[in-house]
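These notes concern the structure reproduced below.
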Amino acid sequence: MLLLGILAIQNLYSKCNCNVKFFLNLFHGTRLDKKVDKMIQEDIRPIFIVGMNGSGTTMLADCLNNHPMIYMHKVESKVIPYYYKNIEKYGDMNNIKNFEKLLNEFSNNYAFRVCNNSIKLNIPFRFDEIKNKDLAKIIDLTFSYFSARENKIIWGDHSPKYAAFIPLLVELFPNAKILHIIRDGRDCAQSFKRRFGQNLSRTIFQWKKFVEKARKHGPAAGKDRYFEMKYEDLTRVPDLYMKEACSFLDVPFDDRVLISNMPMYTENDMDTTKPQVKTIVQNSGKWKEVLKKRQVKKLESIAGMTLKNIGYEVAYTEGDKDISKSWLSILSIFDKMNASIAYYKEYNEKDKLGTFIRSIRTSIKQYRSFK
């Protein structure tokens, strides 16, 4: 038993990088055993949950965040591809001023500032002790700062549209774990129409493109780096698929990952004879009830073939139509306006306007990532 305990500790801390160790000491006064301390490598192993918006990425992140080892950031970062594509304008990262400037800018994007009570972040670091002074280290320092506050040693991000940037993620973090969750595109479309007033056709077109890109580049990253699951399977048999997810992530299964703190996934009046519990529940096939026949036909004319290839039932047609760039641009303008209004109504922070402006800047950076 003693030997098993030692091996468990070694395995635990082998996943902990130097930045996490530094912040654990800073926030909690954690002191690691000298032998364990030697095992800690400058090895970053983040988790990225990708997939089309509305596919359950937030739910999955929420559940994994309940694991004692895993910290999933509460808000989508969205901006990693932008900084990757524009890294040259920040100069040589071996220059401490350039490094600090980029760290301050990156860590004060909307996703991080909003999780710090809208207070500006000044993340401490030991420049001379950083082996690889690059963008990956900037990103790691930022996420590690937050993960250490919760006493977690593995950090993760759930930015759905990173599904289009899997090769980039793997280049930055060769040991990253990428979880791709797929949901029926028709359900994604109806969900975004109801919640944010998004255009059905544009949503399923984006779904098709993101899913196809992820399924092309994900397997190329290797089975140790990429794992794919269906939202419908996860919500149908959560214990089975969360065990598979934990196995892929190289962490022991913990029952707490079956807990969801999201109201939309709570058993609410589903059975009045049972006490309400926070858990993952089925939430699939709503498109059959919500969408009209003509709407379903139109969506399937755009993504019917992709739906079938993934294993979803196609009601009418296995289409694969594209939408012109000009029409997509027009739809995008209205979708962004509707989404901005919806998000603004949700903000409750004291710095409501400042938070909203930072979120818009982040969205612009995300938009430019696709250019």
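Structure data summary
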| read-out | value |
| --- | --- |
| For the range 111-165: rounded, prolate or oblate by the Cα gyration tensor [a/c cutoff 1.5] | oblate |
| Charge-dipole axis of the range 70-190 as Lys and Arg at +1 and Asp and Glu at -1 on Cβ define it, positive-most pick from ALA176, HIS73, ILE166 | HIS73 |
| Vicinal HN-Hα couplings computed from phi for the range 223-233 (Karplus, 6.51 cos²θ - 1.76 cosθ + 1.60; Hz; Gly/Pro x) | 5, 7, 10, 10, 9, 10, 9, 8, 4, 5, 5 |
| Prolate/oblate/rounded call for the range 196-258, Cα gyration tensor, a/c under 1.5 rounded | oblate |
| Which listed pairs, of LYS137/LYS177; LYS137/LYS336; LYS208/LYS230; LYS120/LYS230; LYS161/LYS336, have C-alpha distances above 26 Å, in listed order | LYS137/LYS336; LYS120/LYS230 |
| D_trans [Stokes-Einstein, Kirkwood Rh over alpha-carbon pairs] for the range 50-96, 37 °C, 0.692 mPa s, µm² s⁻¹ | 247 |
| Dipole magnitude of the range 87-186, debye to nearest 20 (Cβ charges: Lys/Arg +1, Asp/Glu -1, about Cα centre) | 280 |
| Sorted by Cβ neighbour density within 10 Å, fewest at the top, the residues MET52, MET337, MET242, MET229 | MET337, MET229, MET242, MET52 |
| Between the range 95-111 and the range 284-332, the Cα center-to-center distance that results, in Å | 41 |
| Amide hydrogen neighbours beyond the local backbone of GLU228, cut-off 5 Å, H modeled | HIS180 |
| Ranked by how many other beta carbons lie within 10 Å on average, peptides 87-97, 249-259, 105-115 from highest | 105-115, 249-259, 87-97 |
| Flagged links, alpha-carbon separation over 26 Å, of LYS85/LYS213; LYS78/LYS321; LYS193/LYS321; LYS213/LYS325; LYS131/LYS243 | LYS78/LYS321; LYS131/LYS243 |
| Rotationally averaged projected area of the range 105-204 (alpha carbon convex hull; nm²) | 8.6 |
| Separation in nanometres of the label points that stand 7 Å from Cα toward Cβ, at THR279 and ILE96 | 5.5 |
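Where a number appears in this text, it was derived from the coordinates with a stated rule and is not lab data. Bear in mind the structure is a predicted one, so any value in this text is a computation, not a measurement. FYI the Cβ positions are ideal-geometry reconstructions off the backbone, even for glycines, and counts take in every protein chain you see.
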